[in-house]
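Comments concern the structure below.
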Protein chains: 2
Amino acid sequence: MGTRYHGTEEEVRALDAYIKLIRAADSVSSRIHRHLDETNLTITQFGVLEALYHLGSMYQRDLAAKLLKSGGNITLVIDNLEKRSLVKREREPNDRRCIRVNLTEAGNQLISHIFPTHVAAVVAEMATLSMSEQEELGRLCRRLGKKE
Amino acid sequence: MGTRYHGTEEEVRALDAYIKLIRAADSVSSRIHRHLDETNLTITQFGVLEALYHLGSMYQRDLAAKLLKSGGNITLVIDNLEKRSLVKREREPNDRRCIRVNLTEAGNQLISHIFPTHVAAVVAEMATLSMSEQEELGRLCRRLGKKE
DNA sequence: ACATGATATTTTAATATTAAATAAATCAAT
DNA sequence: ATTGATTTATTTAATATTAAAATATCATGT
């Protein structure tokens, strides 16, 4: 009972920073996305709508790359959004392997309605840190994420 | 096509820091846990074994709280670990609602074998940042995570 | 033209994850 | 002591997620 890990200073510092990073991302993200409850959107579904809203219609391949998800996953997420008529598929004539995903009118209405709420939630959540601290966090995280 | 979000400075900074935080946590965690591939353990399964290894036997309730997962999820994860004989369940005599989860000998062997690899991966990954940067990241993340 | 290889999507099988409903055990309070 | 509320674990239903296999399409080189 209670034998916590005792490593070198370097190890303890790395483990500590790592666990705090994971926990912060987890709890911040779940608080920020709480407003999605009313819409019955999952985080990934929101991510798809948001990408289409800001970048225009996209291939499933590009959605997968942008959202860091597998192709099979995107297929299912698009299926579920399509069932709710929030997006529609369209086969690309020039390259019939590809499928272009578009917002429907309903999808566009929904995301344009909830995106400002999302921004407000992000701002409120990050306001725990000062402006310069947010910038510092961004710098550190970018270096950590950008490895390969 | 390509209409990126244009908000106030405050909004852009918050959104930027937020997305970098999420991406860093995601990619760092997936790189760190790559070594689990050989063991066929999922991240949550690893989390359960690690908690039991360092804290001793625990109730499912406490595992759920520590790993920030729902009770139903923990039930399934323990099911799958139990199938592989890595943990065992034991009803608590004093309070028969509770179930105490223990490492088996095989579970103990496995986690004590892979934990040093895990630590090495964390150290290597976090070495992108200097010691003081790791500490700064930890401080910022702790404040962000600790809200409520 | 045809074989080969690469790419995009879908499907399948397994686990994760949550919310909600259920069942069992305990606790509290009159 | 009995009723009522709380707590713990399980089950169920739905979506997420990945890896791997299967399909379909395109591109290339001969």
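The values are calculated or read from the model by the stated rules, or taken from the named source; none is laboratory data. Model, not experiment: these values are computed from the prediction. Glycine gets a Cβ as well: all are built from the backbone with ideal geometry, and neighbour counts include every protein chain shown. SASA here: full protein model, heavy atoms, side chains in, ligands and nucleic acids out. Shrake-Rupley method; radii C 1.70, N 1.55, O 1.52, S 1.80 Å.
Assorted remarks:
- Rolled with a 1.4 Å probe across the full set of protein chains, the surface gives B:Arg61 an accessible area near 140 Å².
- With the whole protein complex present, B:Glu10 retains an accessible surface near 90 Å², based on a 1.4 Å probe.
- Pairs of lysines in the protein assembly as shown (C-alpha under 21 Å apart; 8 or more residues apart or interchain): 27
- Of A:Met58, A:Met126, B:Met131, the residue with the largest accessible area leads and the full order is B:Met131, A:Met58, A:Met126 (1.4 Å probe).
- For residues of B:68-74, the mean tally of beta carbons on other chains within 10 Å: 1
- Computed on chain A, with alpha-carbon pairs under 8 angstrom and 6+ residues apart, the relative contact order is 21 percent.
- Considering only A:Ala17, A:His33, A:Gly138, and ranking their Cα positions along the charge dipole of segment A:9-138 that arises from unit charges at the beta-carbon of Lys, Arg, Asp and Glu, the one farthest toward the positive end is A:His33.
- Whole-number D in µm²/s for segment A:9-138 (Stokes-Einstein; Kirkwood sum over Cα pairs; 4 °C, 1.567 mPa s): 78
- Peptide B:126-138 has a mean of 6 when you count, residue by residue, the C-beta atoms of other protein chains within 10 Å of its C-beta.
- Sites B:Ala127 and A:Asn73 - FRET efficiency at Förster radius 30 Å, r taken between beta-carbons, to 0.05: 0.45
- Zone residues, segment B:98-128, relative to B:Glu82, backbone N less than 19 Å from point 7 Å out along Cα-to-Cβ: B:98-108
- Debye, to nearest 20: dipole size of segment B:9-145, +1 on Lys, Arg Cβ, -1 on Asp, Glu Cβ: 600
- Taking a span of 20 Å or more along the helix axis (Cα atoms) and a mean Kyte-Doolittle hydropathy of at least 0.5 as the rule, the DSSP H helices of chain A that qualify are A:105-126.
- Diffusion coefficient of the protein assembly as shown by Stokes-Einstein, Kirkwood radius over Cα pairs, 4 °C, 1.567 mPa s: 61 µm²/s.
- Dipole of segment B:9-145, positive end: most advanced residue of B:Thr44, B:Thr117, B:Leu129 [Cβ charges, Cα centre]: B:Thr44
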